[in-house]
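Peer 1: Could you have a look at this structure, given as structure tokens, before my questions?
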Amino acid sequence: MEQKQTVKPAKRKRRWGDRNDGRKLRSLDAVSRISPYIMVTRNTSSNHFMDTIDIDEIERYIRHKRNDDGLAGFGIMHVIIAAYVRSLSQKPAVNRFIAGQKVYARNGVSINLTVKREMRSDALETVIKIRPELDATASEVYELIKKEVELSKADNESDFDKTAKLLNYVPGLLLKFAVWFLKTMDYFGLLPKKLEEVSPFHGSMFITSMGSLGVPPIFHHLYDFGNVPVFCSFGAKQKEYELQADGTVKERRFITLMWVMDERICDGFYYSTAIKYIRNVLKNPFVLDERPEQIVEDVD
């Protein structure tokens with residue numbers, strides 16, 4: 001079936017004050033511009049939100065992708081990431097970030113996730129990064145993740161692992177200076193693009209699954225290095241029995257999502273509309289097989 005063409009915003013020219021990974025927002029109100037100077041760090045500016053998502057439709061969608069589309073490894077992680085990317089196409093303010101006490105609209109989407117190299121409890125974890133288009137379908141998100149996982153297994157190291165290994169050879173005192181120097185460069189938007197591309201601390205969102213560990217999800221802190229504004233953690237499938245209005249008991253199957261969000265990039269009302277949008281997509285994940293009609297652009 002041929003995909004509809006998504007209406008995309010025109011590409012903007014880079015202006016003074018823009019960065020490699022984002023454009024400076026110049027039309028924000030005074031409070032939005034001042035708050036990063038008052039709330040300086042990401043962790044002291046974070047809000048925490050817990051949500052539960054029914055998984056009946058999600059599991060039906062997963063069966064469809066595995067059986068009908070031949071995506072054998074397709075799972076809940078792919079659905080959540082695809083739904084988040086779709087939300088960014090309609091709620092662009094959630095894709096902002098803070099750098100140098102200024103607010104930027106991110107250029108594109110970058111999702112960081114932790115994966116196991118092997119499906120064993122004692123297997124090492126690594127961090128991979130995918131860069132889906134804002135109009136990406138769930139199948140495209142799946143293929144991007146699959147490609148990065150296969151690359152990390154083939155090399156036995158991801159790009160982040162290689163960078164961390166290189167820094168590991170630096171003596172402690174010099175390493176402290178090196179990290180300070182990198183943070184200072186990042187503050188002024190001078191961090192080399194290559195480092196931004198491999199850094200798990202730079203991106204639209206960091207997501208991790210606690211279900212494979214057999215424990216509930218946690219509120220994971222944000223990183224003060226880099227610019228990731230949102231961290232999502234989700235746990236294993238759960239079930240509970242709910243009493244209905246007619247006196248019957250119904251089984252409910254769900255997962256719990258824990259969100260930690262940098263409140264400086266947009267207000268609480270906007271965040272709530274984005275979360276509601278994600279929830280609506282997850283109620284009917286089959287919409288992720290189609291592209292959005294248009295991509296909404298952030299303010300100037």
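Peer 1: Since GLY235 meets every condition but one in (1) open to solvent by less than 10 Å² (accessible area, probe 1.4 Å); (2) over 26 Å from VAL79 (Cβ atoms), which condition does it not meet?
Peer 2: The one condition GLY235 does not meet is (2).
Peer 1: Give me the residue from the range 193-235 that is at pLDDT 90 or above and among the small types (Gly, Ala, Ser) and, out of that set, nearest to ASN43 (Cα to Cα).
Peer 2: Only one residue tops the list, namely GLY226.
Peer 1: What tally of residues in the range 221-242 results from selecting those that are under 30 Å from TYR104 (Cβ atoms) and either within 13 Å of the chain's Cα centre (by Cα) or outside any loop (DSSP other than H, G, I, E, B) (or both)? Walk me through how you get there before you give the answer.
Peer 2: So in the range 221-242, the residues under 30 Å from TYR104 (Cβ atoms) come out as 221-234.
Narrowing the set further to residues that are either within 13 Å of the chain's Cα centre (by Cα) or outside any loop (DSSP other than H, G, I, E, B) (or both) leaves 222, 227-234.
Number of matching residues: 9.
Peer 1: Within the range 131-187, take every residue that is among the hydroxyl-bearing types (Ser, Thr, Tyr) and assigned to a loop (DSSP other than H, G, I, E, B) and give me the one that is farthest from the chain's Cα centre (by Cα). Full working, then the answer.
Peer 2: Going through the range 131-187, the residues among the hydroxyl-bearing types (Ser, Thr, Tyr) turn out to be 137, 139, 142, 152, 158, 163, 169, 184, 187.
Add one more test, that the residue is assigned to a loop (DSSP other than H, G, I, E, B), and what stays is 137, 158, 169.
Numbers: THR137: 15, SER158: 18, TYR169: 30 Å.
Applying the filter and picking the extreme gives TYR169.
Peer 1: Name the residues in the range 243-289 that are outside any helix (DSSP H, G or I), open to solvent by less than 60 Å² (accessible area, probe 1.4 Å) and over 18 Å from ALA105 (Cα atoms), would you?
Peer 2: Keep residues of the range 243-289 that are outside any helix (DSSP H, G or I), which gives 243-267, 284.
If we keep only those that are open to solvent by less than 60 Å² (accessible area, probe 1.4 Å) too, we end up with 247, 252, 254-262, 264-266.
If the condition is that a residue be outside any helix (DSSP H, G or I), open to solvent by less than 60 Å² (accessible area, probe 1.4 Å) and over 18 Å from ALA105 (Cα atoms), then GLY247, ARG252, PHE254, ILE255, THR256, LEU257, MET258, TRP259, VAL260 are the ones that fit.
Peer 1: Sticking with this structure for a sec: Which residue pairs have Cβ atoms under 7 Å apart, sit 6 or more places apart or on different chains, and have a first residue in the range 69-84 that is farther than 16 Å from VAL115 by Cβ and touching a residue at least 12 places away in the same chain (Cβ under 8 Å) and a second that is among the polar types (S, T, N, Q) and open to solvent by 20 Å² or more (accessible area, probe 1.4 Å)?
Peer 2: ASP69/SER139; LEU71/SER139
Peer 1: Restricting the first residue to the range 168-189 and requiring it to be under 24 Å from ASN107 (Cβ atoms), which pairs with a second residue that is among the hydrophobic types (A, V, I, L, M, F, W, C) and modelled with pLDDT of 90 or more meet a Cβ separation below 6 Å and a spacing of at least six or different chains?
Peer 2: What qualifies is LYS183/PHE225; MET185/LEU191.
Peer 1: Residue check: is TYR84 of a type in the set (Phe, Trp, Tyr) and in contact with a helix residue (DSSP H, G or I) (Cβ under 9 Å, 6 or more places away or on another chain)? So that I can check it myself, show each step before the final result.
Peer 2: Numbers: of a type in the set (Phe, Trp, Tyr): yes; in contact with a helix residue (DSSP H, G or I) (Cβ under 9 Å, 6 or more places away or on another chain): yes.
Spelling it out, TYR84 is indeed of a type in the set (Phe, Trp, Tyr) and in contact with a helix residue (DSSP H, G or I) (Cβ under 9 Å, 6 or more places away or on another chain).
Peer 1: Same structure, new question: One residue is enough: does the range 57-64 have a residue meeting the conditions aliphatic (A, V, I, L, M) and farther than 22 Å from ASP298 by Cα? Please lay out each step first, then the result.
Peer 2: Step one: list which residues in the range 57-64 are aliphatic (A, V, I, L, M), which gives 58, 62.
Then keep just the ones that are farther than 22 Å from ASP298 by Cα; that gives 58, 62.
Checked the range 57-64: at least one residue is aliphatic (A, V, I, L, M) and farther than 22 Å from ASP298 by Cα.
Peer 1: I'm checking my understanding of the structure. Among residues of the range 21-40 that are surrounded by 14 or more Cβ atoms within 10 Å (Cβ to Cβ) and of a type in the set (S, T, N, Q), which one is nearest to GLY108 (Cα to Cα)?
Peer 2: Restricting to residues being surrounded by 14 or more Cβ atoms within 10 Å (Cβ to Cβ) and of a type in the set (S, T, N, Q), the top hit is SER32.
Peer 1: Taking the condition of being crowded, with 18+ Cβ neighbours inside 10 Å and either free of Cβ contacts under 8 Å to residues at least 24 places away in the same chain or not aromatic (Phe, Trp, Tyr) (or both), how many residues in the range 221-232 meet it?
Peer 2: The number of residues fulfilling the criteria is 7.
Peer 1: So, one more: Quick one: THR163 ticks every box in (1) within 18 Å of GLU196 (Cα to Cα); (2) open to solvent by less than 30 Å² (accessible area, probe 1.4 Å) except a single one, so which number is it?
Peer 2: It is condition (2) that THR163 fails.
Peer 1: Return a yes/no flag: does the range 200-208 have any residue that is under 14 Å from ASN20 (Cβ atoms) and either in a loop (DSSP other than H, G, I, E, B) or open to solvent by less than 50 Å² (accessible area, probe 1.4 Å) (or both).
Peer 2: Of the residues in the range 200-208, the ones under 14 Å from ASN20 (Cβ atoms) are 202-203.
Still in the list and also either in a loop (DSSP other than H, G, I, E, B) or open to solvent by less than 50 Å² (accessible area, probe 1.4 Å) (or both): 202-203.
Yes, the conditions are met somewhere in the range 200-208.
Peer 1: Within the range 109-130, count every residue that is outside any strand (DSSP E or B) and at pLDDT below 95. Break it down stepwise before answering.
Peer 2: First, pick out the residues of the range 109-130 that are outside any strand (DSSP E or B): 109-110, 117-124.
In the following step, the residues that additionally are at pLDDT below 95 were identified as 117-124.
Final tally of qualifying residues: 8.
Peer 1: Could you list, ordered by first residue, the pairs with Cβ atoms under 6 Å in which the first is in the range 31-45 and at positive phi and the second is open to solvent by less than 80 Å² (accessible area, probe 1.4 Å), at least 6 apart or interchain?
Peer 2: From the range 31-45, no pairs qualify.
The values are calculated or read from the model by the stated rules, or taken from the named source; none is laboratory data. Not measured: the values here are computed from a predicted model. Glycine also receives a Cβ, built like all others from the backbone with ideal geometry; neighbour counts cover every protein chain displayed. Keep in mind that these areas ignore ligands, DNA and RNA; they rest on the heavy atoms of the full protein, side chains included. Shrake-Rupley method; radii C 1.70, N 1.55, O 1.52, S 1.80 Å.
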